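Q: Mind looking over this structure? Questions follow.
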Amino acid sequence: MTDFATKLIHNKGSIDPATGAVSIPIYQVSTFDQNIGNSDEYDYARSCNPTRGALEDIIAELEDGIAGFAFGSGMAAISAALLLFGQGDHILAPKDVYGGTYRMLTKGVGKWGISHSFVDTTDLDAVKKAAGPNTKAIVLESPSNPLLKISDLPAICAWAKERGIISIVDNTFMTPYLQKPLNFGADIVLHSGTKFLAGHSDVVAGLAVTGDRELANGLKFLQNSLGGVLGPQDSWLTIRGIKTLKVRLDQEQASALKVAQALAACPKVKAVYYPGLPDHPGHELLKRQAGGFGAVLSFETESPELARKLMADVKIPAVAVSLGGVETILSYPATMSHAAMPQAVRHELGISDSLLRLSVGLEDSQDIVDDLLRTLNQ
């Protein structure tokens, strides 16, 4: 079996079939000359573009799926997956789901008659109790954003399969390098390609993969009908980023563990949420279902004032929305990723005003630690 590192470089989308170029060209084109009467593969770039098609082949292969779809953003991919359902259908989702997904469920798909319930997906019994006769899908994040909770994906996907419920897994934090949900029985895998896959904070992209032909047809229809497709330039940049995914993520998650350990030992930090720490409640579960612990962690400072001071004073991390770039990124969920969630709901879930999320980049790990502790210990 080909190693994952080799597959990142040598895959279905690695060679241009027209010229043999080892880098797929950027087909910056809107339309194609056609032979009338023939069924041409390419007609209009919203429907298909060779550069985007190469990326879609690559992500499908890496996730062990049969079809991939590239969208203009992660939210476009999530929205397309949710719009596979319709009037009277019910969707389950994690209580601490990504804020954009929360917003789409609470303010978007309801207009199509789709209802939802939020549930603690780390508790399989709670998931089962929350399902009703009209439950058609369950959205999963493992690790979750931003509290890094771990759900038993094989168990939940097996239960969903028995019930005829479509399981949709956001695999952004793990990537197919560390976790392949389709192999657990998931039906659809989603990515914000903006994050670790592209990996350089220069692209906004979304990806969806499935191993089911009927779902693939549905996603293709919505991708083409809604028109939220990824352009060829951004497709090419994402392909380029994917080639270095393993070496980047190996370094980033090794550094993330060192940073998490240093923060856990800091008296000004109340809690550290990183599944790579042995005392994390999901540590053993993630060891079983993934090939690593990822490069994202969250931590809670002793006060909101200290969290704001840290954001103002750090030198190395970019204080910004997003994650998964080569640079370390420090985010404030309360006003960034989870701003769409009402404060009372956030606090009930443990997403406090003292919580910070850190995506560890490729800088020297000791430099990152020293920068964080310098401000925390002042």
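Q: Could you say whether any residue in the stretch 304-313 is farther than 30 Å from PHE184 by Cα, open to solvent by less than 10 Å² (accessible area, probe 1.4 Å), among the hydrophobic types (A, V, I, L, M, F, W, C) and in contact (Cβ under 8 Å) with a residue 40 or more places away in the chain?
A: Yes; the residues of the stretch 304-313 include at least one that is farther than 30 Å from PHE184 by Cα, open to solvent by less than 10 Å² (accessible area, probe 1.4 Å), among the hydrophobic types (A, V, I, L, M, F, W, C) and in contact (Cβ under 8 Å) with a residue 40 or more places away in the chain.
Q: Continuing with the same structure: Considering only the stretch 45-55, I want to know if a residue exists there that is assigned by TED's automatic domain parsing to the domain that holds ASP202, part of a helix (DSSP H, G or I), open to solvent by 40 Å² or more (accessible area, probe 1.4 Å) and touching a residue at least 60 places away in the same chain (Cβ under 8 Å). Show your work before the answer.
A: Of the stretch 45-55, the ones assigned by TED's automatic domain parsing to the domain that holds ASP202 are 45-55.
Now restrict to residues that are part of a helix (DSSP H, G or I): 50-55.
Subsequent filtering for residues that are open to solvent by 40 Å² or more (accessible area, probe 1.4 Å) retains none.
No: zero hits.
Q: Still on this structure, please answer the following. Could you list, ordered by first residue, the pairs with Cβ atoms under 8 Å in which the first is in the stretch 261-278 and within 17 Å of GLU305 (Cβ to Cβ) and the second is of a type in the set (Gly, Ala, Ser) and open to solvent by less than 30 Å² (accessible area, probe 1.4 Å), at least 6 apart or interchain?
A: Every condition considered, the pairs that remain are LYS270/SER354.
Q: If a residue has to be more than 23 Å from ALA208 (Cβ to Cβ) and open to solvent by 30 Å² or more (accessible area, probe 1.4 Å) to count, how many in the stretch 127-148 make the cut?
A: Number satisfying all stated conditions: 5.
Q: Then there's this: Can you pull out every residue in the stretch 56-83 that is of a type in the set (Asp, Glu) and either open to solvent by less than 10 Å² (accessible area, probe 1.4 Å) or not assigned by TED's automatic domain parsing to the domain that holds LEU207 (or both)?
A: Within the stretch 56-83, the first condition is being of a type in the set (Asp, Glu), and the residues that meet it are 56-57, 61, 63-64.
If the condition is that a residue be of a type in the set (Asp, Glu) and either open to solvent by less than 10 Å² (accessible area, probe 1.4 Å) or not assigned by TED's automatic domain parsing to the domain that holds LEU207 (or both), then GLU63 is the only one that fits.
Q: Please find, among ILE351, ILE368, the residue that is among the β-branched types (Val, Ile, Thr), over 22 Å from ASP96 (Cα atoms), buried (at least 22 other Cβ atoms within 10 Å of the Cβ) and touching a residue at least 60 places away in the same chain (Cβ under 8 Å). Give the steps one after another, and end with the answer.
A: Values: ILE351 fails: over 22 Å from ASP96 (Cα atoms).
That would be ILE368, the only listed residue that is among the β-branched types (Val, Ile, Thr), over 22 Å from ASP96 (Cα atoms), buried (at least 22 other Cβ atoms within 10 Å of the Cβ) and touching a residue at least 60 places away in the same chain (Cβ under 8 Å).
Q: Would you be able to say whether some residue in the stretch 321-344 is without any contact (Cβ under 8 Å) to a residue 40 or more places away in the chain, part of a helix (DSSP H, G or I), open to solvent by 30 Å² or more (accessible area, probe 1.4 Å) and not assigned by TED's automatic domain parsing to the domain that holds GLY193?
A: yes
The values are calculated or read from the model by the stated rules, or taken from the named source; none is laboratory data. The structure displayed is predicted, hence computed values, not measured ones. Here the Cβ is made from the backbone with ideal geometry for all residues, glycine too, and neighbour counts use every protein chain on show. Ligands, DNA and RNA are excluded from the accessible area calculation, which covers all protein heavy atoms including side chains. Shrake-Rupley method; radii C 1.70, N 1.55, O 1.52, S 1.80 Å.
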